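Taking it in order: structure first as structure tokens, then the write-up.
The values are calculated or read from the model by the stated rules, or taken from the named source; none is laboratory data. Since we're looking at a predicted model, the values are computed, not measured. As a convention, Cβ positions derive from the backbone with ideal geometry for all residues, glycine included, and neighbour counts pool all protein chains shown. The protein model used for the area step is the full one, side chains on, heavy atoms only, and it has no ligands, DNA or RNA in it. Shrake-Rupley method; radii C 1.70, N 1.55, O 1.52, S 1.80 Å.
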Amino acid sequence: QVPYFICKACGHLNGGHQDTDNYNHALYADEESILATNSSYDDKDLEEFEFRVKNIYAPKVEWLWNTLVELGEKPERLNCSDMGCGAGHMVQAIRNKGFNRVTGYDVYLPNIEQGNKMIGEDVLCSHSIEDVGCIASNVEDDVVTSIFMLEHISDPLEWCRALKTNPSVKYALIAVPM
């Protein structure tokens, strides 16, 4: 049993131990997982999906695009991956902006299926929790985004090392809750 406590610095509920693959699998990957019964990220229809893309993810992509241009890049020539893509909201925002190619990766198959349906193309890929680091090591894209995924994996530092040592990845946009 994991001991939980309220952090004195931020006031958030925290677990007293590092997440394990088994714990994350139970939360995020199984059909009976807590995520499977949580509808807060389900879009009822394409209109809801597009609303979330436009109002939450498009501003992040706009910032990414402008930053890459400032760095001398031509984003329309860059390939992107979104790790922990969920139902593909960030992927769709990146596609809408005009990046060359975008692929999303996530462990929860129902989100992948729903996202591909909303996007109208199979651009989201499902994988096992055990493959999270392998994908970061081997993805062949110029830009990797990861919005609120890092805190959900058992070894975030190893994932960051894998991404850093991947010779294809030039840029990463990583967001974690604060």
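Matching residues to (1) assigned to a helix (DSSP H, G or I); (2) buried (at least 23 other Cβ atoms within 10 Å of the Cβ); (3) without any contact (Cβ under 8 Å) to a residue 40 or more places away in the chain:
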site: W65; (1), (2), (3): yes, no, yes
site: E76; (1), (2), (3): yes, no, yes
site: Y105; (1), (2), (3): no, yes, yes
site: M118; (1), (2), (3): yes, no, no
site: D131; (1), (2), (3): yes, no, yes
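Specify the residue that is most open to solvent (accessible area, probe 1.4 Å); the eligible residues are those in the stretch 150-168 that are at pLDDT 90 or above and in a loop (DSSP other than H, G, I, E, B). Step by step, filter the stretch 150-168, then rank; the result is P167.
Can you name the residue in the stretch 140-149 that is more than 21 Å from L109 (Cα to Cα) and of a type outside the set (A, V, I, L, M, F, W, C) and, of all such residues, is most open to solvent (accessible area, probe 1.4 Å)? Checking each candidate, the answer is E140.
Residues considered: S137, S126. Of these, the only one that is farther than 18 Å from N100 by Cβ, surrounded by 14 or more Cβ atoms within 10 Å (Cβ to Cβ), of a type outside the set (A, V, I, L, M, F, W, C) and under 15 Å from the mean Cα position of the chain (by Cα) is S126.
Against the conditions (1) at pLDDT 95 or above; (2) over 15 Å from K60 (Cα atoms); (3) open to solvent by less than 50 Å² (accessible area, probe 1.4 Å), L71 satisfies every one except (3). The condition of being farther than 25 Å from L46 by Cα and touching a residue at least 60 places away in the same chain (Cβ under 8 Å) holds for only one of S168, S146, S154, that being S154.
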